[in-house]
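**Student:** Before we start, here is the structure in question, set down as structure tokens.
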Amino acid sequence: MQCPCGSKLTFEQCCQTIINNKTAKTAEQLMRSRYSAYATNNAQYLYDSYASISQQEQSVSEIKSWAKQCQWLELSIIKSSDYDDYSTVEFSTNYLQKDKLYQLHELSKFIQEPEPEQNQEQTLEHLQWRYLDGKIIANKVIRKIKANELCPCNSGKKFKKCCKKIK
Ligand SMILES: [Zn+2]
Ligand SMILES: [Zn+2]
């Protein structure tokens with residue numbers, strides 16, 4: 001399977017390894033891996049990769065139900081920027097929810113935190129990238145998908161025989 005993040009690599013060569021080993025080296029890699037985790041319904045990884053302060057407002061089950069409601073179609077990274085103590089990634093993505101195609105445009109903020117087991121020694125190698133929060137710039141309906149048209153996920157099947165079935 002192609003990596004959902006749109007890198008043109010396979011999932012194994014790209015985000016799967018980052019998800020399994022929690023080894024994102026940059027904020028953008030973490031952003032991509034979180035996108036792929038949404039696309040593959042990996043709520044635990046999404047929860048774990050939130051900054052600890054943001055985890056308090058999250059639950060694995062809520063993340064799971066949100067990830068399931070949406071079919072994520074494609075990701076475009078617009079801009080990654082690094083600042084002294086955080087980084088930002090601006091992206092836009094198309095997703096399907098029920099029979100509507102949406103476009104989400106967000107500016108996400110990322111910080112580095114020590115791994116949970118490594119709290120004593122905060123050496124640089126043991127810092128992990130985490131998602132702090134995001135500012136939604138726009139989240140709008142692009143159009144409604146008709147049952148008989150080709151599915152926007154590029155499967156080549158009709159919408160009613162493809163993503164419309166996923167609930
Ligand atoms: Zn990827
Ligand atoms: Zn589809």
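The values are calculated or read from the model by the stated rules, or taken from the named source; none is laboratory data. Keep in mind that what you see is a predicted model, and the values were worked out from it rather than measured. Every residue, glycine as well, gets a Cβ built from its backbone with ideal geometry; the counts of neighbours run over all protein chains shown. With ligands, DNA and RNA removed, areas are computed over all heavy atoms of the protein, side chains included. Shrake-Rupley method; radii C 1.70, N 1.55, O 1.52, S 1.80 Å.
**Student:** DSSP loop (so not H, G, I, E, B), at most 10 other Cβ within 10 Å: list which GluC sites (Glu not before Pro) in the stretch 1-89 pass both filters.
**Tutor:** Passing both the DSSP loop test and the Cβ count: GLU57.
**Student:** Can you list the trypsin sites (Lys or Arg not before Pro) in the stretch 1-105 that are in a DSSP coil and have 10 or fewer other beta carbons within 10 angstrom?
**Tutor:** Here the trypsin sites (Lys or Arg not before Pro) that fit, given the DSSP loop and packing criteria, are LYS8, LYS25.
**Student:** Then there's this: Can you send over the carbon and sulfur percentage of the accessible area for the chain, probe radius 1.4 Å, protein chains only?
**Tutor:** Summing carbon and sulfur atoms, their accessible area is 47 percent of the total for the chain.
**Student:** Add -39500 (n - 2.57) for each DSSP H run of 4 or more in the chain, then divide by its residues: what number comes out at 222 nm, to the nearest 500 deg cm²/dmol?
**Tutor:** -6500 deg cm²/dmol
**Student:** Which value, in Å², gives the accessible area per residue of the chain when a 1.4 Å probe is used on the protein heavy atoms?
**Tutor:** 60 Å²
**Student:** At most 16 other Cβ atoms within 10 Å plus a DSSP loop assignment makes a site exposed; report the longest stretch of the chain without any exposed chymotrypsin sites (Phe, Trp or Tyr not before Pro).
**Tutor:** Excluding the exposed sites themselves, the longest stretch runs over 1-82.
**Student:** If contacts are Cα pairs under 8 angstrom and at least 6 residues apart, what is the relative contact order of the chain in percent?
**Tutor:** 18 percent
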